[in-house]
Amino acid sequence: METIFTDHIRFDQDAWQLVLLDQRKLPTREEYMTCSTLNQAIFAIQSMVVRGAPAIGVTAAFAGALAAREARLQNEDDQQFRNTLLLLLDQLSHARPTAVNLAWAVGRLKRVLDAHPDQTPKQIEALFLAEAQGLQAEDVRICQAIGAYGGALLNDGDCVLTHCNAGALATAGYGTALGVIRGAIAQGKKISVIADETRPFLQGARLTCWELARDQIPVTLACDNACALLMQKGRVQSVVVGADRIAANGDTANKIGTFGCALLAKHFAIPFYVAAPLSTIDLSLADGSAIPIEERPAEEVTHVFGQQITLDKMPVYNFAFDVTEASLITAIITEVGVLRPPYTSSIAWAHTVFPKHS
Ligand code: MRU
């Protein structure tokens, strides 16, 4: 049960193109979108062709290689090349606001640029590609480590509720929350999953169900608003979700609806786990109140598969994420181990002991 599909984010070096599995079309169609320019890659991130915090980070790193080539073709002078490239990287880092992995990946590219002041534009281009490939391979290893640590927290026979898609599709492969489920199964445990449908983009119904069914992991789809009933009926033994940004105190931004699941889990004394790499932790934010919450187009709520379901011009709230208070989180599962409350100290400890992972 060790599925590590990495085909959903691929860089064709000969054509210098980024090829992405179009997640908007799943599960009915497996189509790929090709990005030859930075703008196309930014569009792919913004329109959710690729989504999920670590996957956005990996995509951004490859998009940086596209940006480097664009900057080289626009400028003959090396300094102008660097100035243009920095401007393009800034544009890229603002493609979506909530997942910190985007700015984190762009930050890695900027450090590569800084560390090589004498390299030619062509060499920088190659260094950016190598950094992106390294980041992609590293993300798979990180998810497997999260899976091993998290898998140990689940019991044989557990049914795990998850919200959104924090699987292979949302990372470079294997997944964070779904990595924990894969990890438990690899440890010989029988695990089943309840996938919240995750309105309005339906990442649970379309993506989590697709990738778990592909791996023959038992999954049952439920409406988001069935969560309380399913917990009341004893159908859920633990909740495992991913994260887009975690503040220094453990407050966690994830897909809208996650906070409600956590409140319900607390009510029913069900463990609530967040699975995320250390790169998702934003130490610059003391708590979750400053995490930027993306608001997406109203049409995602007013329309379902192109069909309008409400009145014309209906005002809409379409916040894409919410923040779960640290006090509701049983543990944060990372690639360096399971962090427990109080998170201010366990998170600080992880970053001190494993600075290279941050
Ligand atoms: O809007 P999305 O689909 O990018 O939101 C994704 C999530 O909320 C995921 O749970 C999170 O990014 C973790 S992915 C490993």
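The values are calculated or read from the model by the stated rules, or taken from the named source; none is laboratory data. All figures in this text were calculated on a predicted structure; none of them were measured in a lab. Every residue, glycine as well, gets a Cβ built from its backbone with ideal geometry; the counts of neighbours run over all protein chains shown. Ligands, DNA and RNA are excluded from the accessible area calculation, which covers all protein heavy atoms including side chains. Shrake-Rupley method; radii C 1.70, N 1.55, O 1.52, S 1.80 Å.
Just subtract the alpha-carbon distance of Leu87 and Ala348 from 0.36 nm times their residue separation and send over the number in nm, one decimal.
Result for the pair: 90.7 nm of gain on full extension.
What does the charge dipole of the chain about its Cα centre add up to, to the nearest 20 debye, if the Cβ of each Lys and Arg holds +1 and the Cβ of each Asp and Glu holds -1?
Working: 29 positive and 37 negative charges, 153 e Å.
Magnitude of the dipole: close to 740 debye.
Below 8 Å, C-alpha to C-alpha, sequence gap of six or more: please give me the relative contact order for region 60-138 in percent.
48 percent
Return the calculated 222 nm mean residue ellipticity for the chain, to the nearest 500 deg cm²/dmol, obtained by summing -39500 (n - 2.57) across DSSP H runs with n ≥ 4 and dividing by the residue count.
My calculation for the chain gives -12500 deg cm²/dmol from helical runs alone.
Pairs of alpha-carbon atoms within less than 8 angstrom and 6+ residues apart define the contacts here; what relative contact order does the chain have, in percent?
This gives 15 percent for the chain.
Count of lysine pairs in the chain with Cα atoms under 22 Å apart, counting only pairs 8 or more residues apart in sequence or on different chains?
6
Would you please classify the overall shape of the chain from the alpha carbon gyration tensor, given that a ≥ b ≥ c denote the square roots of the eigenvalues, rounded means a/c under 1.5, and beyond that prolate means a/b larger than b/c while oblate covers the rest?
Judged from the Cα gyration tensor, the chain comes out prolate (a/c at least 1.5, a/b above b/c).
Springs between alpha-carbon atoms under 10 Å, Gaussian network over the chain: tell me which of Thr120, Thr176, Thr324 tops the mean-square fluctuations.
Thr120
Around Ser289, what is the net charge, scoring Lys/Arg as +1 and Asp/Glu as -1 over all other residues with Cβ under 11 Å from its Cβ?
Result for the neighbourhood of Ser289: -3.
Below 8 Å, C-alpha to C-alpha, sequence gap of six or more: please give me the relative contact order for region 9-142 in percent.
Across region 9-142, relative contact order equals 24 percent.
Compute the separation of the alpha-carbon centres of region 176-239 and region 90-157 and state it in Å as a whole number.
27 Å
Which value, in Å², gives the accessible area per residue of region 149-357 when a 1.4 Å probe is used on the protein heavy atoms?
Heavy-atom accessible area per residue stands at 41 Å².
Per residue, how much accessible area does region 9-142 have with a 1.4 Å probe, in Å²?
42 Å²
Cβ under 9 Å from Leu169's Cβ, Leu169 left aside: what net charge do those residues give with Lys, Arg +1 and Asp, Glu -1? Could the numbers behind the result be given before it?
On the way: positive: Arg51; negative: Glu211.
Neighbour charge sum, excluding Leu169 itself: 0.
Counting only protein heavy atoms and a 1.4 Å probe, tell me what percentage of the chain's accessible area is made up of carbon and sulfur.
Numbers: 7920 of 14770 Å².
Carbon-and-sulfur percentage of accessible area, whole number: 54.
Treat every Asp and Glu Cβ in region 21-115 as -1 and every Lys and Arg Cβ as +1, leave all other atoms uncharged, and give the resulting dipole magnitude about the Cα centre to the nearest 20 debye. Intermediate results must be reported in sequence, preceding the final value.
Details: 11 positive and 9 negative charges, 72 e Å.
It comes to approximately 340 debye.
Dipole of region 9-142 (Lys/Arg Cβ +1, Asp/Glu Cβ -1, origin at the Cα centre): which of Ala126, Leu85, Pro27 lies farthest to the positive side?
Checked the options; the winner is Pro27.
In the chain, what percentage of the DSSP-assigned beta bridges are antiparallel, given to the nearest 5?
Antiparallel: roughly 55 percent of the beta bridges in the chain.
Please check the chain for the longest run free of GluC sites (Glu not before Pro) that are loop-located per DSSP (anything but H, G, I, E, B) and have at most 13 other Cβ atoms within 10 Å.
Here the longest run is 77-358.
Which is the longest stretch in the chain that no exposed loop site breaks, taking sites as trypsin sites (Lys or Arg not before Pro) with a DSSP loop state and at most 13 other Cβ atoms within 10 Å? Intermediate results must be reported in sequence, preceding the final value.
Numbers: sites that count: Arg29, Lys190, Lys233, Lys313.
Counting only loop sites that pass the neighbour cut-off, the longest clear stretch is 30-189.
Compute and list, largest first, the equivalent-ellipsoid semi-axes of region 277-358 from the alpha carbon gyration tensor, each √(5λ) rounded to a whole angstrom.
Value: 37, 13, 12 Å, ordered largest first.
Can you tell me how much longer the chain between Ala226 and Met314 gets when fully stretched, taken as 0.36 nm per residue apart minus their C-alpha distance, in nm with one decimal?
29.1 nm
For Phe321, what charge total do you get from the other residues with a beta carbon under 11 Å from its beta carbon, if Lys and Arg give +1 and Asp and Glu give -1?
Numbers: positive: Arg96, Arg245, Lys255, Arg296; negative: Asp244, Glu294, Glu295, Asp322.
So the environment of Phe321 carries a net charge of 0.
Calculate, in nm to one decimal, what Ala126 and Glu76 gain on full extension: separation in residues at 0.36 nm each, minus their alpha carbon distance.
On the way: separation 50, 0.36 × 50 = 18.00 nm, distance 1.73 nm.
Gain on extension, Ala126 to Glu76, equals 16.3 nm.
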